[in-house]
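Read through the structure below, which is laid out as structure tokens, and then see the notes.
The values are calculated or read from the model by the stated rules, or taken from the named source; none is laboratory data. This is a predicted model, so every value here is computed, not measured. When we count neighbours, we look across all protein chains shown, and the Cβ atoms used for this are built from the backbone with ideal geometry, even at glycine.
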Amino acid sequence: MRSWRWFSFFRAASVRRHDDEEDGVALVPTTTSPAPARRLAEDDDSCRAVGAVPQPTSSSANKPRTMLVPTWGAVVLFLLGGLAASPCSRSPAPPPARGSNSTQSFLLGSGRGGHGRHHHRARSSGIPIPFTCNNGTSLTCRRTDDSASPPSPPVEPPSSSAPPPPSCPDYFRYIHSDLSPWRATGITREAVERGRDLAHFRLVVLGGGASSSCCLLARYPGRVPDLDLMFQCGDTPVVRAADFPRRSDAPPLFRYCKDADGGATLDVLFPDWSFWDWPEVNIRPWAPFLAAAARENRRVPWPARQPYAFWKGNADVSPARADLLRCNASSTCGVDWNARLFRQDWAAAEREGFRDTDDPARQCAYRYKIYVDGRAWSVSLKYILACDSPALLVDTRFRDFFSRGLVAGRHYWPVDAARKCAAIRLAVDWGNAHPAAAARMGREGSGFAREELAMENVYDYMLHVLTEYARLLRYKPTVPENAVELCSEHVACPTGARAREFMMESRERHVADYEPCTLPPPFTAEEIREMARWEDDVRSEIRKMENQSN
């Protein structure tokens, strides 16, 4: 069984921000960065970060390692401490058939439904992943030759009689398109280095050994190959296709979102930090949140909810959010747009210990939930989807790794950003007049969040995108000079009470003894055209309804 370690060198100073309810997180900037430090309200980066204590570079070349090397502002993603849990038993669905013109059937006309019929694979007792904080502040990673703890027993390969692993959800297929610029040429060290000025850190994984010291990589021991990559944590995409006439010249830069027009930006998408926790705004890891949302959905069924569209957040981070507030009943001249919109002051909430701040799972009391971008993409979308309430998604130019799998008219109702108030009122009026169809859309969205976006699939997405990326490398990764080792204990043990509690809650505890889901092939040109036709049909029908209501 292989084990994995992370290394990093970076210049640490701790800064926090709460300028966006979805996008602001702790940030560790460089103290010697060429760029001046920005005020909290102007910061646009979204990286979870912790400090690190520099350690001398080992002279041994064959120890298991993972290096994290910052470029101008350093961060460590604890999400790399939990990779690889069990996949869900599901098959990918084809693009939906084109719907009819009925106001009830053009939406959800071919919705899959039946999310509850998907069953997660039963988790065996498995091999435990060791984790220890010495006196609560350990900064020492276990070594492969550490005699204090016995080596883990080898992982048995899956039985030949075991059922084949399920196919991954359809949004995994975008991994192929994200990496397509380098498919023909491969990725050279020079190509990776070209992303240095854009990236926040450089991650190098080197494997070997017998202990499991980093739980993300230990969850599927031996599966993550050696790799070397650059990671950028800001809110907006940065690798513009227009800057690279020959796309293979673009740096393969990992980040959280890219333009909805897949050809406009070339960033490689990766799951964001909030699936593991967000202690700065008191949001627990994704799996416990899903359980809490399910309880809330049972407590307040859809017909019993307030018949309005709800949004709550920091409206000061973007013009789109400030403009949304125009749709509040109290801000118009006697016009009720069926929207109930609230400002969130995260700085005040933190000062008050979050005692008057709603748990997002408790915000499922409205029949409709509004999504609107923050500074760019926002992590709030998954929380909105989980409520069993139709998501009214204000048009966005951004996509993250999973939102590319959402289907307009099935998982969400698209809202024209140029006419958002009238569009929201129409969506609410339509849903209240067609409660069965509206409730079904809410269930489709929450089913996607619960099944397609289960943590098993988040881990498998990480595994597949890293594996496919590593296959394109045309050089052998090596230990960067002045690297510092990081492991799960190094990240979690020195943190504060709430942060450590959430990290422990999200930590993977057992090695998986089964296969990850199977990566499906790329979309065909015809499938891409059919998906575009479906979305055009849905938007066309909504425009007809808007015209008829005027």
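Tabulated data
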| quantity | calculated |
| --- | --- |
| Criterion: modelled with pLDDT of 90 or more and assigned to a loop (DSSP other than H, G, I, E, B) - qualifying residue of Ala322, Ala315 | Ala315 |
| Residue that is surrounded by the most Cβ atoms within 10 Å (Cβ to Cβ), among those in segment 446-466 that are among the acidic types (Asp, Glu) and closer than 15 Å to Arg173 by Cβ | Asp460 |
| Conditions (1) part of a loop (DSSP other than H, G, I, E, B); (2) modelled with pLDDT of 90 or more; number of the one not met by Pro221 | (2) |
| Boolean, Ala348 is of a type outside the set (Lys, Arg) and not in a loop (DSSP other than H, G, I, E, B) | yes |
| Segment 225-265 - residue that is among the acidic types (Asp, Glu) and under 19 Å from Thr396 (Cα atoms) and, of those, modelled with the lowest pLDDT | Asp261 |
| Whichever residue in segment 372-392 is among the aliphatic types (A, V, I, L, M) and over 18 Å from Val317 (Cα atoms) and, among such residues, is surrounded by the most Cβ atoms within 10 Å (Cβ to Cβ) | Leu385 |
| Single match in Tyr412, Tyr383 (criterion: closer than 18 Å to Ser540 by Cβ and among the aromatic types (Phe, Trp, Tyr)) | Tyr412 |
| Filter result for Arg443 (buried (at least 19 other Cβ atoms within 10 Å of the Cβ) and either assigned by TED's automatic domain parsing to the domain that holds Ala376 or touching a Leu at 6+ places or on another chain (Cβ under 8 Å) (or both)) | yes |
| Of residues in segment 241-278 being charged (D, E, K, R) and assigned to a helix (DSSP H, G or I), the one surrounded by the most Cβ atoms within 10 Å (Cβ to Cβ) | Arg247 |
| Options Ala349, Ala433, Ala438, Ala418; residue that is in contact with a Phe, Trp or Tyr (Cβ under 8 Å, 6 or more places away or on another chain) and either closer than 19 Å to Asp272 by Cβ or among the aliphatic types (A, V, I, L, M) (or both) | Ala438 |
| Every residue from segment 291-318 that is more than 14 Å from Lys369 (Cα to Cα), in contact (Cβ under 8 Å) with a residue 40 or more places away in the chain and aliphatic (A, V, I, L, M) | Ala292, Ala294, Val300, Val317 |
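So that you can scan it fast, the table gives a plain yes or no per residue for (1) at positive phi; (2) modelled with pLDDT under 95:
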position: Ser330; (1), (2): no, yes
position: Gly334; (1), (2): yes, yes
position: Ala348; (1), (2): no, yes
position: Ser378; (1), (2): no, yes
position: Arg404; (1), (2): no, no
position: Val415; (1), (2): no, no
position: Leu426; (1), (2): no, no
position: Pro435; (1), (2): no, no
